[in-house]
Amino acid sequence: MNKISKIAIIGLGQVGNYLYRELNLKQKDIQIKTGKKIQIIAISAKNKNKKRKFKINKKIFYKDPIKIIKEFKPDILFEVIGQSDGISKKVVETALKNKVHVITPNKALISKHGDYLGKLAEENNVNLEFEASVAGGIPILRTIKEGLSTNKISKVYGILNGTTNYILSEMRNSKDSFSNVLKKAQKLGYAEPINPKFDLNGLDAFAKVRILSSLAFNIKISNHKCLMEGIEKIELKDIEIANLLNLRIKLLGISEIIQNQLFETVHPCLVSKNSYIGNVSGVMNAVILQGKPVGESILQGEGAGPGPTSSSLLSDLYSILKGNIKKPFGISSSKRKSIKCYNVDNYSNSLYLRFEVKDKPGVLSRISNRLAKYNISVKRLIQTPDKKAKKATIVIITHKTTELNSKNCLLKFKRDKDILKYPTLIRIYN
């Protein structure tokens, strides 16, 4: 690499625009720490004249990002568009084939095409860096690839989405509804203003789980169908009942090896108020790793927003400028194997079940009998009648049962006219 490293930025949304400013502000600092000067030679985005928080140099703006790669030949390219396919994939693929180092925060792209793009980077002896794709400013991927490289990791789990963690925390603190708190999150920039579904339905966290699995267990990125649920069905009522039970609701991403098989999931969990994870609030992310001989390691920090994301993007830049050519997933593509998927039907947890029912004799005994039929035993029961409306809320905490038992059992309640809505199920995390 030349003494002056030529840089291109493709994508000038919130993160790309913030990164552009950071690179311009920190040129001296980068030179002191890496011994290399940098120069932004080209930028590209959909709209040259869009109003942005930080001014851009329109003289180096080019509409066609592929032309930037082929004609200007940057040393390092930042892809900050964010699509799983389309122009994002084309830009990264073209850059790697043209021996350009690539840095991206694009978890959708890496979780879908990471194996192919990683192999492409290895074949062309360039870096594909994606630290910012998981947990924003927390250096979790580098910790797994380097700091814990001699450990055998058996489990990685945690809060991987700052938007959902903010919503659940704010509902608890303000006693406000899901829809109102979502609007608040959108105003604050924590949730997408137009379509926040990828945060809310668990897809964002699940893409991160897949990246973590591949690094932690030295395997290819899995494409198994897995258990994925978001927080859209969580009501303020559930948060308040959880509080009475000394529990809190968190959306957790979990990846572990069970009987030499891979288990990955994202779903809301009830965790103890006294647990570490139960006290991670707001937009914070937290990742917990279990390995040998290190034991348990915890990393916590802000997981969303242009500041934390740019911090990770710059750490990748420093690594490349220092001349470190690394395998994108820590080890060679040829040594990363596929792994069988653990049967989700065997996944077992204690459950929180909330039933909204007509307040009439025999309903509770029917629920209890049906649970017993599917080997689901009751550990605790809370019944709250609403005499005026002739309704009642029944909350049941169960002993451990399998996913298969709970799924088959709850389907039966669909036909019961005395049960007013499909039961709410939240797994209790052990």
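Results, tabulated for the structure shown:
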quantity: Relative pair counts by distance (%), Cα atoms of the chain, 20 Å bins; calculated: 25, 51, 21, 4, 0
quantity: Candidate aspartates and glutamates - alpha carbon under 12 Å from K337, same-chain residues fewer than 8 apart omitted; calculated: D115
quantity: Antiparallel bridges, percent of DSSP beta bridges restricted to the chain (to nearest 5); calculated: 70 percent
quantity: Long-range HN-HN contacts of L262 with modeled amide H, under 5 Å; calculated: K340, C341, Y342
quantity: The range 4-133 - charge dipole about Cα centre, Lys and Arg +1 at Cβ, Asp and Glu -1, debye rounded to 20; calculated: 880 debye
quantity: Residue exposure sequence - I376, I4, I239 - by fewest surrounding Cβ within 10 Å; calculated: I4, I239, I376
quantity: Point-charge dipole on Cβ atoms (K/R +1, D/E -1) for the range 68-110, about Cα centre, debye to 20; calculated: 100 debye
quantity: Ascending count of other beta-carbon atoms within 10 Å, so fewest first, for T265, T393; calculated: T393, T265
quantity: Using alpha carbons only: equivalent-ellipsoid semi-axes of the range 4-133, gyration tensor based, whole Å; calculated: 21, 18, 14
quantity: Point-charge dipole on Cβ atoms (K/R +1, D/E -1) for the chain, about Cα centre, debye to 20; calculated: 680 debye
quantity: Structure-based [θ]222 nm, the chain - -39500 (n - 2.57) summed over DSSP H runs of at least 4, per residue, nearest 500; calculated: -9500 deg cm²/dmol
quantity: Pairs beyond 25 Å (Cα-Cα), from K63/K97; K225/K327; K97/K197; calculated: K225/K327; K97/K197
quantity: For the chain, with +1 on Lys and Arg beta carbons and -1 on Asp and Glu, the positive-most of L364, S310, S377 along the dipole; calculated: S310
quantity: Relative contact order (%) - the chain, alpha-carbon pairs under 8 angstrom, separation at least six; calculated: 16 percent
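Every number in this text was worked out from the coordinates using simple rules, so none of it is lab data. Not measured: the values here are computed from a predicted model. A quick note on method: Cβ atoms are made from the backbone with ideal geometry, for glycine too, and the neighbour counts reach across all protein chains shown.
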